[in-house]
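Report on the following structure.
The values are calculated or read from the model by the stated rules, or taken from the named source; none is laboratory data. Owing to the predicted nature of the structure, the values given are computational and were not obtained by experimental measurement. All Cβ positions, even for glycine, are placed from backbone atoms using ideal geometry, and neighbour counts span all protein chains on display. In case anyone asks, the SASA skips ligands and DNA or RNA and just uses the protein heavy atoms, side chains included. Shrake-Rupley method; radii C 1.70, N 1.55, O 1.52, S 1.80 Å.
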Amino acid sequence: RYYLGLSGVEVFTVQGERAQVEEISADPADINVLPQYSGDPRVVGNLVDGVNRTRDDTHMWLAPFTPGHNHLVRLQFSEEVTIAMIRIWNYNKSRIHSSRGAREVELYLDGKLILAGEVARASGGLQGGAEAFGETILFTTDEDILLAVAEHDDTFQGEVSCRHGDEEVEAEPQRPSTADSGRGNREEFGCERPFTSARLPTQHSAGTSRLTGQVLSVVLAATWGDPQYLGLTGVEVVDASGQSLPLSPQHIEVVTSDLAEAGGNCEGADRLVDGVNVTTDDQHMWLAPLSPGTQHTL
């Protein structure tokens, strides 16, 4: 609603190589065009710095969003290219702030429209394939060209190290806060646009604390917008060695605050541990009515 951003843009030619970007610009240029910002690191040059699978502000671009206006990113290549594939890495700062990513886009090559469509929202995390971070757009189905692209595309080269700041990490980082830790608010600046601050890289200790216990309780506090129903597709718990813990129906229940005193629980919770998580089949999902003031605990 207030800001628009991306994490990266990659263009591959029919030779399989990345197109060399000679110059990149944007309009609006970045968030620093606003009077209350100066020196914010989320500039458009970050889109071609090669660090795309990230939640680090210093590798992203963010600009003010104005409804009804165009927001442009322009890449000037060092020479004329024939495009085989374009990958748009959407804004991925956090699960909440990934809503700032681009949704409807138009791509032009030398002024000619080559694509108009929707770009997937980024997950806000660091795990998953390219589809969890945005959109991969193919302009050819030639297998030889696609194989050539794969040879130069890090995303196809097995496990890709997740990068957060200047340190490579293997574990999923802590869930980010649901609001920017800014040093001001919209009232201070006399406008409706809330303040947003960049989170600069910090040093992390080499070790990670291990959580040990027997009963895990998850309070399902709110939905993404549906006022009537709350649901999940699956639950998976991973141990310190990276292995999924075996869970069976007797290990799980969902209790609502209005049933807790009577010792009741919601039906269908066993579906959350049936092992079928990548699905759109209702038979492998749990769904419950959502009433105001009712708390659901898994």
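Rundown of residues vs (1) in contact (Cβ under 8 Å) with a residue 40 or more places away in the chain; (2) surrounded by 15 or more Cβ atoms within 10 Å (Cβ to Cβ), yes/no style:
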position	(1), (2)
Ile31	yes, yes
Leu34	yes, yes
Pro41	yes, yes
Val44	no, yes
Glu104	no, no
Leu107	no, yes
Leu113	no, no
Selection within segment 226-253 - surrounded by fewer than 12 Cβ atoms within 10 Å (Cβ to Cβ) and either touching a Cys at 6+ places or on another chain (Cβ under 6 Å) or within 11 Å of Arg271 (Cα to Cα) (or both): Ser248
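Per-residue answers, yes or no, for (1) basic (Lys, Arg); (2) touching a helix residue (DSSP H, G or I) at 6+ places or on another chain (Cβ under 9 Å):
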position: Ile83; (1), (2): no, no
position: Ser94; (1), (2): no, no
position: Arg100; (1), (2): yes, no
position: Gly111; (1), (2): no, no
position: Arg121; (1), (2): yes, yes
position: Gly124; (1), (2): no, yes
position: Glu143; (1), (2): no, no
field: Residues of segment 46-87 classified as touching a residue at least 60 places away in the same chain (Cβ under 8 Å) and acidic (Asp, Glu), total
entry: 2
task: Quick one: Leu75 ticks every box in (1) outside any loop (DSSP other than H, G, I, E, B); (2) open to solvent by less than 30 Å² (accessible area, probe 1.4 Å) except a single one, so which number is it?
output: (2)
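Please state which one of Tyr91, Tyr108 is more than 18 Å from Asp49 (Cα to Cα) and modelled with pLDDT of 95 or more. Can you show your working first?
Values: Tyr91 fails: more than 18 Å from Asp49 (Cα to Cα).
Step by step, each of Tyr91, Tyr108 is checked, and only Tyr108 is more than 18 Å from Asp49 (Cα to Cα) and modelled with pLDDT of 95 or more.
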statement: Picked from segment 87-102 (must be open to solvent by 30 Å² or more (accessible area, probe 1.4 Å) and of a type outside the set (Lys, Arg)), the residue farthest from Phe12 (Cα to Cα) is Ile96
- prompt: Quick one: would you say Ser197 is open to solvent by less than 30 Å² (accessible area, probe 1.4 Å), farther than 30 Å from Phe77 by Cα and at pLDDT below 80?
  reply: yes
